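The values are calculated or read from the model by the stated rules, or taken from the named source; none is laboratory data. If you're wondering where the values come from, they're calculated on a predicted model, not measured in any experiment. Reconstructed Cβ throughout: ideal geometry from the backbone, glycine too, with neighbour counts over all protein chains shown.
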Amino acid sequence: MTTNAVIIWLRLEAALVLAATVAAYQWVGGAWLPFAALFFLPDLSMLAYLRGSEAGARAYNLAHSYAAPAALALAAAAATGQLPSPLWLVWVAHIAFDRAAGYGLKQVESFHATHLGPIGRVSR
């Protein structure tokens, strides 16, 4: 079981990732309308819960892993030889936002059971 101190640390870390990602998006000249329009797009992965908790957890965790947008950005950079579109940063910002709010990677047992403990809660 993860301790409260570790959960708080992970959530603070995610808040810093969110701030850094938003700053990077601004620095590379990303447009804010697409940022706002795409910010919650990864949450569409929750529709997989309609097929059961295992399918839902897998889809949610895939869409909410930092590895997915990082791999996409690296593949785009390798394919074009240029910096990728800043839109991948929107995906990273969403993941960081969720983690800072306590929405961790899902356990199969329940949507509310995450690697950060129950959604949004830090026990005292």
Would you mind telling me which numbered condition in (1) touching a residue at least 24 places away in the same chain (Cβ under 8 Å); (2) more than 25 Å from TRP9 (Cα to Cα); (3) of a type outside the set (Ser, Thr, Tyr) GLU109 fails? (2)
Only residues in the stretch 51-80 that are closer than 21 Å to ALA20 by Cα count as the first member; pair them with residues that are modelled with pLDDT of 95 or more and hydroxyl-bearing (Ser, Thr, Tyr), Cβ under 6 angstrom, at least 6 apart or cross-chain, and list the lot. ALA63/SER45
Restricting the stretch 48-73 to residues that are touching a Leu at 6+ places or on another chain (Cβ under 7 Å) and assigned to a helix (DSSP H, G or I), the one nearest to ARG99 (Cα to Cα) turns out to be ASN61
For the structure I just gave you, tell me whether ALA79 is small (Gly, Ala, Ser) and more than 13 Å from the chain's Cα centre (by Cα). yes
Anything in the stretch 74-124 that is among the basic types (Lys, Arg), outside any helix (DSSP H, G or I) and surrounded by 15 or more Cβ atoms within 10 Å (Cβ to Cβ)? List them, or say none. LYS106
Collect the residues in the stretch 36-62 that are under 12 Å from VAL92 (Cβ atoms) and buried (at least 18 other Cβ atoms within 10 Å of the Cβ), keeping them in residue-number order. PRO42
Meets criteria (aliphatic (A, V, I, L, M) and under 26 Å from GLN26 (Cα atoms)) for ALA48: no
